[in-house]
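Trainee: Dumping the structure here so I can ask a few things about it.
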Amino acid sequence: MSAWDDFQQSLAASLADAEGRSRRRKLRPMTREAGGMVRLQDGRRLIDFSSNDYLGLALHPELTARAADYAQRLGAGSAASRLVSGTLPEHLAVERKLAAFKGCEAALLLASGYQANASALPALIGMMPGPVKVFADRLNHASLHAGLAQARVGQIRYRHNDLGHLDRLLASPDHQGATRLIVTESVFSMDGDRADLPALLALAQQHDAFLYVDEAHATGVLGPRGAGLCAGLPKGSPVIVMGTLGKALGGFGAYIAGPQLLIDTLVQTCGGFIYSTAPPPAVLGALDAALDLVPGMDAERARLLAAADRVRAAAAARGFDTFGSSTQITPIGLGSEERALKAMAQLEAAGILGVAIRPPTVPEGSSRLRLSLSAAHDGEAIARLIAAIGTLA
Ligand SMILES: *Cc1c(COP(=O)(O)O)cnc(C)c1O
């Protein structure tokens, strides 16, 4: 047997193994529709409680019109990386608007959140006076792990949101004399709970450390005018902010925001920025429109969070673990993969899409439905979800 055949055989065996453990992941095409709905290929329409389109902006006519306008005027692609000939005036304009929204001196666009974390973290850590120690929440997103692995620094992982544990680690004699960076999400993607950023900042300052905060799920939803939880911290705090544009902002891409010096440095050193094609005009158009709308959406944010409270209360009343969630992301703990898949099928029979999340995305034995609400859902959609939760076994 050839090496190629051998390789094919091991791929087939690994897929069969995942299938046998209810862990095989499959792509399922569907089309997004108004009202937070999706249409499956068999024609069925489901209420989508699994998207990250928290404000319903992905289908908003102002975003799609401005995306189309930018594409018509400026082209389908940006044709080069930013430092070569790919920077349009519109890139700089959107970066200024983003920085103003976040209350930071400057912001830098990147192609995706995964790329931002995977490449900005090693770039920044590489510039820190050595040795560097990184303290990371145990539930940090895979892209944060990827960036820290690439940075080749030892990760000191603290128990999820356990600031007492973090304090002890920071105070440990093993970790003195190093530049110290704390890496966390502001809203955790699979649990929907929040980091206590004011307390984390106080702890960081007490130990002369600084923060890198991933605001993927807070941007657009939480904080003053939806600017994220870091926007509530005092100006000039030692915080590097990262966030994504494909979730509540309804488009695609990511940003790093912070002091001008930091952004200027990333332009020199961040591989994911330097060696990647500039975000295309349509993406800039959608983002420009989203940044006009999002600050004025306080009413939508209040309605979204109130609906999430009701959904969470319904799940808790049935005895389900909701993982300390206090945001638009409401997990329903089910334990085993099989039980989570069964609950997903049960919701689907009731016209609701609530995708089961299994290891390795979440820790062993903590399979769950990750329900995420959107301002696009009306009262009836929320009522149907609450009724369906009431029937889950
Ligand atoms: C979604 C997500 C990312 C990745 O962002 P993309 O733009 O989708 O690549 C990074 N961090 C967290 C916490 C996320 O939830």
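The values are calculated or read from the model by the stated rules, or taken from the named source; none is laboratory data. For clarity, every value in this text was computed on a predicted model and none was experimentally measured. When we count neighbours, we look across all protein chains shown, and the Cβ atoms used for this are built from the backbone with ideal geometry, even at glycine. Side chains are part of the model used for accessible areas, which takes the heavy atoms of the whole protein and leaves out ligands, DNA and RNA. Shrake-Rupley method; radii C 1.70, N 1.55, O 1.52, S 1.80 Å.
Trainee: Distance from the Cα centre of the stretch 329-393 to that of the stretch 13-79, in angstrom?
Mentor: If you average the Cα positions of each part, the centres end up 18 Å apart.
Trainee: Mind checking the per residue accessible area of the stretch 111-217 for me, 1.4 Å probe, whole number of Å²?
Mentor: Averaged over the residues of the stretch 111-217, the accessible area is 38 Å².
Trainee: Round to a whole number: what % of the accessible area of the stretch 61-295 belongs to carbon and sulfur, probe 1.4 Å?
Mentor: That share works out to 56 percent.
Trainee: Do me a favour and compute the ellipsoid semi-axes for the stretch 248-393 from its Cα gyration tensor, root of five times each eigenvalue, largest one first, whole Å.
Mentor: 35, 20, 14
Trainee: How much space per residue, in cubic angstrom, does the convex hull of the C-alpha atoms of the chain take up?
Mentor: Enclosed volume per residue, from the Cα hull, is 169 Å³.
Trainee: Whole number in Å², please: accessible area per residue of the stretch 273-365, 1.4 Å probe, ligands, DNA and RNA not counted.
Mentor: Using a 1.4 Å probe on heavy atoms only, each residue of the stretch 273-365 averages 39 Å².
Trainee: Right, next: For GLN206 and ALA16, FRET efficiency with R0 = 56 Å and r from the beta-carbon atoms, rounded to 0.05?
Mentor: Efficiency, rounded to the nearest 0.05: 0.60.
Trainee: May I pose another question? To the nearest 0.05, what FRET efficiency results for ARG159 and ALA383 with a Förster distance of 51 Å applied to their C-beta separation?
Mentor: Result of the calculation: an efficiency of 0.85.
Trainee: Evaluate the Debye formula for the stretch 143-206 with equal point scatterers sitting on the alpha carbons, no solvent, and hand back log10 of I(q)/I(0) at q = 0.12, 0.15, 0.20, 0.24 Å⁻¹, in q order, two decimals.
Mentor: Calculated log10 I(q)/I(0) at the listed q: -0.32, -0.51, -0.92, -1.24.
Trainee: So if I take the centroid of the Cα atoms in the stretch 266-327 and the same for the stretch 107-181, what is the distance between those two points in Å?
Mentor: 22 Å
Trainee: Let me ask something else about it. Dimensions of the stretch 61-295 along principal axes (Cα, Å, largest first)?
Mentor: So the three principal-axis extents are 59, 34, 29 Å.
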